[in-house]
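A.B. asks: Would you mind keeping the following structure in view while I ask a few things?
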Amino acid sequence: MNQFERKTTNSEETSQIAARLAAFLQPGDVIALEGDLGAGKTTFTKGLAQGLEIRKTVNSPTFTIIKEYKGKLPLYHMDVYRVADAYEDLGFDEYFEGDGVTVVEWAHLIEEQLPAERLTIFLYREEDDQRRVVFVPQGKRYEQLCKEIFS
């Protein structure tokens, strides 16, 4: 499986990578975000929102689980950290198959509900504000998307 990697030195660079990704996104795209607390998952999502021309302030939906934003494409931002049961039917598939882009923080917690084809992004905290951002495409669409972004 191919993976693509980029290092960032601050949160602005992390947001810029996400904004670049946003330019290539299509309805129905699913992005799974993984990383420890404070690794930059919400920062990455804010960059996506900026790239999708979303004007509203984006913050983590930790207690609401799902927040929806309107922009060039709708953005469905999920934080499943507090989902008690990985098989709980919260209607995730309606978002995954919807007309927008779905971002799932802590996606491994609902692995069984995620579509097989998706883009998984790992954010690793290095030192200070540095991050290592690793894109792991699952499916031909996402492999091509990564090649475009990293070319």
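A.B. asks: For the stretch 113-118, take each phi angle, set θ = phi - 60°, evaluate the Karplus expression 6.51 cos²θ - 1.76 cosθ + 1.60, and give the result in whole Hz per residue in order, putting x for glycine and proline.
C.D. replies: 9, 6, x, 4, 9, 6
A.B. asks: Per the 1.4 Å probe, what fraction of the accessible area of the chain, in percent, lies on carbon and sulfur atoms?
C.D. replies: 45
A.B. asks: I would also like to ask the following. Would you mind giving the three semi-axes, in whole Å and largest first, of the ellipsoid equivalent to the stretch 1-66 according to its Cα gyration tensor?
C.D. replies: Working through the eigenvalues yields semi-axes of 18, 16, 14 Å.
A.B. asks: Next up: In the chain, what percentage of the DSSP-assigned beta bridges are antiparallel, given to the nearest 5?
C.D. replies: Just about 55 percent of them are antiparallel.
A.B. asks: Which three semi-axes in whole Å describe the equivalent ellipsoid of the stretch 1-141, each the square root of 5 times a Cα gyration tensor eigenvalue, listed largest first?
C.D. replies: 21, 17, 16
The values are calculated or read from the model by the stated rules, or taken from the named source; none is laboratory data. Every value quoted in this text rests on a predicted model; they were computed, and no experiment measured them. Keep in mind that these areas ignore ligands, DNA and RNA; they rest on the heavy atoms of the full protein, side chains included. Shrake-Rupley method; radii C 1.70, N 1.55, O 1.52, S 1.80 Å.
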